[in-house]
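Each remark here refers to the structure printed beneath this line.
Here, each number is a calculation from the coordinates, and none is a lab measurement. Computed from a predicted model, the values in this text were never measured in an experiment. In this analysis, Cβ positions are derived from the backbone assuming ideal geometry, glycine residues included, and neighbour counts consider all displayed protein chains.
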Amino acid sequence: MDLMGNNGEVWSPYLVGTFIGLLSMATFYFSNQPIGASTGYARISGIIGKFFSKMHTNSLSFFQETKPIIQWDVMFLIGIFLGAFAAAYMGGEIKGTWVPTLWEERFGSSYLFRFCLAFIGGLIMAFGARLAGGCTSGHGISGTAQLSVGSWLALMCFFIGGAITANLIFNV
Amino acid sequence: MNSIVPDSLQNQSNQNIDSAESPDLNKDNQKYNPQNTTQLILGLFFGIIFGYLIQKGGVANYDVLMGALFLTDFTVMKIILSAILTGMIGIFTMHRLGLVELHIKPTRYAANIIGGLVFGIGFGLLGYCPGTGAAAVGQGNYDAIAGVLGLLAGSYFYAEMSGYINTTIMKWGDRGKLIFPDVMGVSRKAFIVYFAIFLTISLYLLERFYALF
């Protein structure tokens, strides 16, 4: 296995998973933070909201608990983007695609249709993540590793809801 | 497995989670303030590693993530279960040694279930989750940009509703911090040992019977 990842080879999922487990130990130890992605989006949405109406944004119940400012989790989210770019760039794997292959086989190659559905999907997903209290990272990795009942429940519901939706849009 | 879970873990099951968070740790001090420069840089650094791993694991791809939902591609499950296995043993061991605090999100049955299913609907439509979506943009899957914009819009929309939700759904079945060993009345050490074995067997069976995918 080429650990530097310069040949674009996919790493073993067990190796990647183990590294993510070790990474979460490191974020607990060095930053006193669990791994998570969705709160970063929420803070950024609030930061953008403050440009339009600072008073309204700050008055919202959610943003009083989760301050719309740049902190650890926002930087972590930006890091995910940069890290994936670095890995893809060094591995010669920059995709440069606008519509995924599987999507195109089912729904055609319209950029607009794919973008609209992706936007709506993202919107619904973020709402669900906030309601559930986390996403596939925050609940699905950090919460489950700490054996939280709610996190295991949420992770199962992510996949149940996802499996039903995916099968409905592709097979009906 | 026994050697890495300290014996003292045995006696912890009846303690409440908050009091078990080592008071001497003083993780509240300035060093761990998520807004200070060191922590911002560390956040970016750890994020870069996470994104790198997501890309190398091949889980920033729409087809792989949808494969997880169609139960035809088990890469996502293998990664998640391996991460849980390592993270569980590592985090609870470090916690027992007084090195880290736990960060357990509250269990709220209605919010976890309804929110989880709503999340799933969005996941099925978008084909990326929040973390893998950011990674997908990074590797040049441009449709994920629309997903990211949707995530921002959805987060703000939730915030608009949060006043109402906090007084309703969030209160239904709110059990606070709840972890399996405490619910089941077994020691953390015993639970972790058996659960680690269970996860390992699950991964083995997954590999054994779905190796072709």
ask   = What pairs come up if the first residue lies in the stretch B:66-91 and is farther than 18 Å from B:Ile121 by Cα, the second is of a type in the set (Asp, Glu) and not in a loop (DSSP other than H, G, I, E, B), and their beta carbons are under 9 Å apart, counting only those six or more places apart or on different chains?
value = B:Asp73/B:Asp63; B:Phe74/B:Glu207; B:Lys78/B:Glu207
query = When residues of the stretch B:123-150 are filtered for being more than 18 Å from the chain's Cα centre (by Cα) and either of a type in the set (Asp, Glu) or in a helix (DSSP H, G or I) (or both), how many remain?
reply = 14
inquiry  = Of the residues B:Tyr158, B:Tyr164, only one is among the hydroxyl-bearing types (Ser, Thr, Tyr), part of a helix (DSSP H, G or I) and in contact with a Lys or Arg (Cβ under 6 Å, 6 or more places away or on another chain); which?
reply    = B:Tyr158
remark   = Residues of the stretch A:115-134 being under 14 Å from B:Gly124 (Cβ atoms) and in contact with an Asp or Glu (Cβ under 8 Å, 6 or more places away or on another chain), in sequence order, are A:Ala118
query = Is it true that some residue in the stretch B:154-171 is in contact with a Ser or Thr (Cβ under 6 Å, 6 or more places away or on another chain), more than 7 Å from chain A (Cβ to nearest Cβ), among the basic types (Lys, Arg) and farther than 27 Å from A:Ile69 by Cβ?
reply = no
key: Selection count where residues are buried (at least 24 other Cβ atoms within 10 Å of the Cβ), outside any helix (DSSP H, G or I) and among the aliphatic types (A, V, I, L, M), scope the stretch B:40-84   = 2
ask   = Conditions: (1) over 22 Å from the mean Cα position of the chain (by Cα); (2) assigned to a helix (DSSP H, G or I). B:Ala190 meets all but one. Number of the miss?
value = (1)
task = Examine the stretch A:124-135 for a residue that is assigned to a helix (DSSP H, G or I) and within 17 Å of B:Leu71 (Cα to Cα), and state whether such a residue exists.
result = no
ask   = Of A:Ile124, A:Ile160, A:Ile94, which residue is surrounded by fewer than 17 Cβ atoms within 10 Å (Cβ to Cβ), within 17 Å of B:Ala144 (Cα to Cα) and within 7 Å of another protein chain (Cβ to nearest Cβ)?
value = A:Ile94
